[in-house]
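The values are calculated or read from the model by the stated rules, or taken from the named source; none is laboratory data. Since this is a predicted model, take the numbers as computed values, not measurements. Heads up, the Cβs are rebuilt from the backbone with ideal geometry, glycines too, and the neighbour counts pull from every protein chain shown.
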């Protein structure tokens, strides 16, 4: 049995164990009563929002590629998006997602160098949008991190955002080239190459970001709308349970905060941490005994269904022989 199938089996088992555990430890005597109130139309709404979010994700990638003086179709862009979901869930820290994007972009005719930069920019723009939102979330939600004041969290997140901006400006102006070379000389040869490659890709990505400000503003807006549409799955599920009087600003803010954390989790696709974090953040907002079921439904709609579609596109574009490879390489 090759490495791919081992990873797939491990992922399926992990998903079942985590989902079963989350539901088991959050179910109580009120669960069945509350679930009888659930409205099926909310699932259709949730699926619609995910479809919209994925469409916008593909659209922003198309515009990014156009900024780099290349072109891909919306169909090819959507394949990149789904391929990212597929390999991200199979690899620790979602590292395979970047590999999948490179593979699909190269297949679409984008040169490797540009594809590498585009993948980097796509991730950075999403993180920048979340960072931009965090101060407004922290100043609004007093209970998101017990024991830490909103003002402190807001200042920290705003400072990180400014540091990112300052670092980007310095790299774009080539002010850090000398420092990067000095750091590289102190590293062992393999790490030196890795460091210089990351620095080069970062510099090229920042130059791409600044090459067409109006187009990048559109990409930034599409990134935000795409993420918000995908996170809207949770309010849809809440409405399906008849949850009334909820502060939807708080709900969406906590989804943004949770998904920001998931960018830096070591587990495949944030499995386990996503469900656990969801239970901690939303257990007091929904009817008793339903938070675990909602967490699993959220992951199913927003992550696991796109994963299956990504598997289909991977086999369609690269053939079934791709699944027999011992290693996954771009």
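For the stretch 210-252, taking the residues that are over 22 Å from the mean Cα position of the chain (by Cα) and not in a helix (DSSP H, G or I), the one that is farthest from residue 283 (Cα to Cα) is identified as 212. Checking the stretch 262-272 against the condition returns no match, with no residue being at pLDDT 95 or above and surrounded by fewer than 19 Cβ atoms within 10 Å (Cβ to Cβ). Has the stretch 72-87 got any residue that is on the phi > 0 side of the Ramachandran plot and either crowded, with 20+ Cβ neighbours inside 10 Å or at pLDDT 85 or above (or both)? Taking every residue of the stretch 72-87 in turn, none turns out to be on the phi > 0 side of the Ramachandran plot and either crowded, with 20+ Cβ neighbours inside 10 Å or at pLDDT 85 or above (or both). If the requirement is being under 29 Å from residue 313 (Cα atoms), out of contact with any strand residue (DSSP E or B) (no Cβ under 9 Å at 6 or more places or on another chain) and either crowded, with 18+ Cβ neighbours inside 10 Å or touching a residue at least 12 places away in the same chain (Cβ under 8 Å) (or both), which of these qualifies: 160, 125? Sole residue among the options that is under 29 Å from residue 313 (Cα atoms), out of contact with any strand residue (DSSP E or B) (no Cβ under 9 Å at 6 or more places or on another chain) and either crowded, with 18+ Cβ neighbours inside 10 Å or touching a residue at least 12 places away in the same chain (Cβ under 8 Å) (or both): 125. For the condition surrounded by fewer than 14 Cβ atoms within 10 Å (Cβ to Cβ), assigned to a helix (DSSP H, G or I) and modelled with pLDDT of 90 or more, residue 312 qualifies. Filtering the stretch 198-227 to residues that are out of contact with any helix residue (DSSP H, G or I) (no Cβ under 7 Å at 6 or more places or on another chain) and within 18 Å of residue 129 (Cβ to Cβ) leaves 213, 214, 217, 221.
Conditions tested, residue by residue: (1) touching a residue at least 24 places away in the same chain (Cβ under 8 Å); (2) touching a strand residue (DSSP E or B) at 6+ places or on another chain (Cβ under 7 Å); (3) surrounded by fewer than 18 Cβ atoms within 10 Å (Cβ to Cβ); (4) within 30 Å of residue 205 (Cβ to Cβ).
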{"position": "9", "(1), (2), (3), (4)": "no, no, yes, no"}
{"position": "17", "(1), (2), (3), (4)": "no, no, yes, no"}
{"position": "29", "(1), (2), (3), (4)": "yes, no, yes, no"}
{"position": "33", "(1), (2), (3), (4)": "no, no, yes, no"}
{"position": "39", "(1), (2), (3), (4)": "yes, no, yes, no"}
{"position": "43", "(1), (2), (3), (4)": "yes, no, yes, no"}
{"position": "51", "(1), (2), (3), (4)": "no, no, yes, yes"}
{"position": "63", "(1), (2), (3), (4)": "yes, no, yes, yes"}
